[in-house]
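Student: Sharing a structure here in structure tokens format.
Derivation of every value follows stated rules applied to the coordinates shown; laboratory data play no part. The structure presented is a predicted model; accordingly, all values stated were derived computationally and were not measured. So basically every Cβ, Gly included, is an ideal-geometry build from the backbone, and we count neighbours across all protein chains shown.
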């Protein structure tokens, strides 16, 4: 069985890690979607930073260096706060929420500082993990 139950935001979700991993194998690298310096920095440096959210997503089968081929791309950088770079965006995970829930929200307490997450039910057995992070700017 490829499905795994996890608790996040005090709610249970069921995730198919194998199908999620297969989905990401079809997506282009972030740098193929956008060639701006913010997206390049996200792909090269930010996804390697120690965010509990990133550890969770990787454990669910997400390849953090890949995004759906969409416009605008799934990662956005609106600026900086106190030498930290702000990013928001989303990753998709194949799975479902219990009790026909539509949304789960999580903040710093579960995911660490500088992070928030909203999980929304989408079409075709997909969950959309919308995130906000403030990443360390190692270029300064």
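Student: Give me the distance between the Cα centres of the stretch 78-99 and the stretch 4-39, rounded to whole Å.
Tutor: After rounding, the separation between the Cα centres reads 11 Å.
Student: Take each of the peptides 97-106, 14-23, 84-93, average the number of other beta-carbon atoms within 10 Å over its residues, and list them starting from the highest.
Tutor: Put in order of decreasing packing, that is 84-93, 14-23, 97-106.
Student: For the chain, count all C-alpha to C-alpha pairs, find those more than 21 Å apart, and express that count as a whole percent of the total.
Tutor: When every Cα pair of the chain is considered, 40 percent fall beyond 21 Å.
Student: Hey, another quick one. So for 117, 56, fewest C-beta neighbours within 10 Å to most, what's the order?
Tutor: 56, 117
Student: Counting only C-alpha contacts under 8 Å and six or more residues apart, can you give the relative contact order of the chain as a whole percent?
Tutor: 25
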